[in-house]
Amino acid sequence: MTSLVSIANSDISFPCEPDERILDAAERAGYTMAYSCRKGVCVTCRSNLTQGKVKIAPFGSPKHAGEEILCCMAIPDGPVEIAPPWIEERRQPARVSINVTVHKMDQRSDNVAILHLRLPIGRRVPFAAGQYISVAMEGGESRNYSIANPPRLNDIVELHVRHIPGGMFSDTVLKKLRPGDVLNIALPFGLFTWSDDHSVPAIMLATGTGFAPLKSMIQELIDRNISRPVHLFWGGEREADIYELELVTSWARRLSWFDFTPVLANPGTGWTGERGFVQNAVTGRYDDLSGYSVYACGNPIMIEQARALLVEQRSLSAENFHSDAFVFSGQAEKAAQPAA
Ligand SMILES: Cc1cc2nc3c(=O)[nH]c(=O)nc-3n(C[C@H](O)[C@H](O)[C@H](O)COP(=O)(O)OP(=O)(O)OC[C@H]3O[C@@H](n4cnc5c(N)ncnc54)[C@H](O)[C@@H]3O)c2cc1C
Ligand code: FES
């Protein structure tokens, strides 16, 4: 039976189909609310359940009024009222599920592969720089990967995939992929996109393949001839983790508005650049970020530490900290709901 979801202290309500998750139903009705992983891991979509009862897909125990829920996992069990931090009407690029062909794979470093996918001839799928796709796998599993190409090139998808030993996609599936193979993907997802005026200077922080969505965003500025001041701090353990060093260095050489600082935690003896963690490299370079926006992507621990450091110690406005955490998307369906 269809259930009605009402938003507390507002006149917003929308229907939720049987077994439909609240986040999906909100989007189907034309609303956007906070989310990132859609897998029950990142807790970005948490909301208070103020009335009614929800089931938690697919294994969790039910939640009742007064408890906190994750809207990407919660399925109403009858009419419910929720109080999310925000919800708004927003036009999103239409989301599609589509078969794409593997064009080529490039092993860019010992643990990062760049995967080039092609949409069927004549098909284009609009997306915003910074968004991600979901790749379908056997058994109903899926994995999220950020789109690394700029929105102008919307008949291809470039993914930067870090190898996780034993990983279902990044090890098993990727190892067997050959040019010409077909993958089913859904896109676009995500709210990690340019969220402010391009006159505001931006600091970007990436760890590892967290560079992928930032590459799309920077290339969009280049494509649209927008001279937004951007300083990219890209961190890793060792040299191989900055797997597009040449490309980014070339941007820094030719674009007056773009600055680049690579940061390594455990570099080899020949490294002359910054050492340590990206978030500390930013605080070492900037005393006051009150007039800045920050875009951070990659390791969830880096993101949480960067948020705390930059907001508490460098006067960054919390609403100007934008992030996408690469939480593990496998096993997520079994992840626990936040403590009530
Ligand atoms: C919004 C979003 C965007 C993402 N974009 C990217 C991207 O552009 N590039 C990219 O490489 N990844 C990205 N990820 C992570 C990606 O979705 C997968 O979680 C990751 O590739 C692991 O999937 P897998 O199937 O290879 O491993 P799984 O089968 O999911 O995991 C196998 C084992 O490895 C562990 N594990 C999983 N991930 C890690 C890790 N990072 N470190 C240590 N252990 C781990 C798991 O706990 C499990 O035990 C993104 C995640 C999100 C939520
Ligand atoms: S979007 Fe719901 S937990 Fe990540």
(request) Can you check how the C-alpha radius of gyration of segment 3-90 compares to 2.2 N^0.38 Å, as a plain ratio? (result) 0.93
(request) Would you mind checking the pairs Lys39/Lys215; Lys39/Lys104; Lys175/Lys215; Lys39/Lys176; Lys55/Lys104; Lys55/Lys176 and listing those with alpha carbons more than 31 angstrom apart? (result) Lys55/Lys104; Lys55/Lys176
(request) Using only Cα atoms, figure out Rg for the chain and give it as a multiple of 2.2 N^0.38 Å. (result) 1.02
(request) Name the shape class, rounded, prolate or oblate, that the alpha-carbon gyration tensor gives for segment 1-46, where a ≥ b ≥ c are the square roots of its eigenvalues, rounded holds for a/c under 1.5, and otherwise prolate holds if a/b is larger than b/c and oblate otherwise. (result) oblate
(message) If I take the Cα coordinates of segment 131-207 and project them onto the principal axes, what are the three extents in Å, biggest first?
(response) 45, 27, 23
(request) From zero up to wherever the largest Cα-Cα distance of segment 87-126 sits, split into 10 Å bins and tell me the percent of pairs in each. (result) 23, 34, 26, 16, 2
(request) Let me know the Kirkwood hydrodynamic radius for segment 202-325, please, with Cα pairs as the basis and the value in Å to one decimal. (result) 14.5 Å
(request) Sort out for me the Cα centre separation of segment 290-313 from segment 196-226, rounded to whole Å. (result) 15 Å
(message) Are there any chymotrypsin sites (Phe, Trp or Tyr not before Pro) in segment 1-78 that are in a DSSP loop and have at most 15 other Cβ atoms within 10 Å? List them by number.
(response) Phe59
(message) Can you order the peptides 301-308, 245-252, 145-152, 173-180 by their average number of other Cβ atoms within 10 Å per residue, highest first?
(response) 145-152, 301-308, 245-252, 173-180
(message) With a 1.4 Å probe and all protein chains left in place, how much of the accessible area of the chain comes from carbon and sulfur atoms, in whole percent?
(response) 49 percent
(message) Starting from 0.36 nm per residue, how many nanometres of slack lie between Met137 and Thr101 once their C-alpha separation is accounted for?
(response) 11.5 nm
(message) Using the basic label-point model (7 angstrom from Cα toward the beta carbon), what is the Arg118 to Asp223 distance in nanometres?
(response) 1.8 nm
(request) Give the distance, in whole Å, between the Cα centre of segment 227-280 and the Cα centre of segment 3-62. (result) 39 Å
(request) Express the accessible area of segment 202-325 per residue in Å², computed with a 1.4 Å probe while the remaining protein chains stay in the model. (result) 42 Å²
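The values are calculated or read from the model by the stated rules, or taken from the named source; none is laboratory data. Keep in mind that what you see is a predicted model, and the values were worked out from it rather than measured. We place every Cβ from the backbone using ideal geometry, glycine too, and count neighbours over all the protein chains shown. The accessibility values were calculated without ligands, DNA or RNA, using every heavy atom of the protein model including side chains. Shrake-Rupley method; radii C 1.70, N 1.55, O 1.52, S 1.80 Å.
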